[in-house]
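Nothing in this text is a laboratory measurement; each read-out follows from the coordinates by a stated rule. On a predicted model such as this, the values are computed, not experimentally measured, just so you know. Cβ coordinates were reconstructed from backbone atoms using ideal geometry, including for glycine residues, and neighbour counts include every protein chain displayed.
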């Protein structure tokens, strides 16, 4: 099994941990193929790695069976961007803190690698959201797993975002920005802004204002077959367009079109790692504070 391995630069102390995971992968019978950034970071940390590197940014040319993310949820989002339209399954090994998407813990690595080699896993398609009509700015990296968001810049005045669902006017949001989240992203930034949790198999978006001026405006769940059209009205010259953790500067009067992407990301699902269990474990879902300490 040829496995792409992606990771961000971390603290130097994590380099032996990453090298150990790569060693375990080889021992399990896998052939690691390192993303360039991870390989260069290991070299800077004086860790000698003789695994092959990804030849370019397009994994479709690499004959890969799976892509493994080493790090936290931010690294997994980077890995999804790396995989792109290739349809290669993604698995996250958590070297960070929360690990909501990267759910395999270090102590579970050997068992997870064996399950992958034995084919004891399922694939779960996660919907993506994409921005259309911004090819010069975004290129092929016009999609996100968690959310597309619009932000005012720095301490600029409040931003007005006029929103249409298809041709029908929905609302004008006077706020610091606006989030359009996928079901996967409903447990991320949108949740921290008071949005609802959606099951990842759902076919919906959450439209969620960031610090809205009108307090009667609340997050709104819409079917994801709608094309969502945004017209910005900012007093500042520039705003920020964010796709997951990737940020781009856009004109403060820009028009943005957002829709469900025509492709998905395939998440490798191991036994014992499911969405509802993750809610209970990572977000203390259903925890009764009255029973704490008993």
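Annotation for region 131-150 versus region 93-128: alpha-carbon center distance of 27 Å.
Based on the reciprocal of the average 1/r between different C-alpha atoms, the Kirkwood radius for region 128-262 equals 14.5 Å.
Select from 77, 198, 279 the residue whose mean-square fluctuation is largest in a Gaussian network model of the chain (Cα-Cα springs shorter than 10 Å). Evaluated over the chain, the most mobile residue of the options is 279.
Between residue 110 and residue 122, the simple label model (points 7 Å from Cα in the Cβ direction) yields a spacing of 2.8 nm. Only DSSP H runs of four or more residues enter the estimate; each adds -39500 (n - 2.57), and after division by the residues of the chain the mean residue ellipticity at 222 nm equals -5500 deg cm²/dmol. Were the residues from residue 249 through residue 279 laid out at 0.36 nm apart, the gain over their Cα-Cα distance would be 7.4 nm. Model label sites at residue 85 and residue 174, defined 7 Å from Cα along the beta-carbon direction, differ in position by 4.2 nm. Packing order of peptides 209-218, 259-268, 242-251, highest average first: 259-268, 242-251, 209-218 (average count of other Cβ atoms within 10 Å over each peptide's residues). Potential lengthening of the chain between residue 192 and residue 215 amounts to 6.6 nm, from the contour at 0.36 nm per residue minus the alpha-carbon distance.
How far is it, in nm, from the label point at residue 132 to the one at residue 155 when both lie 7 Å from their Cα along the line to the Cβ? Roughly 4.1 nm, to one decimal. Seen from all directions on average, the chain presents a Cα convex hull projection of 17.6 nm². Most simply put, the chain has about 75% antiparallel DSSP beta bridges, counting only bridges with both residues inside it.
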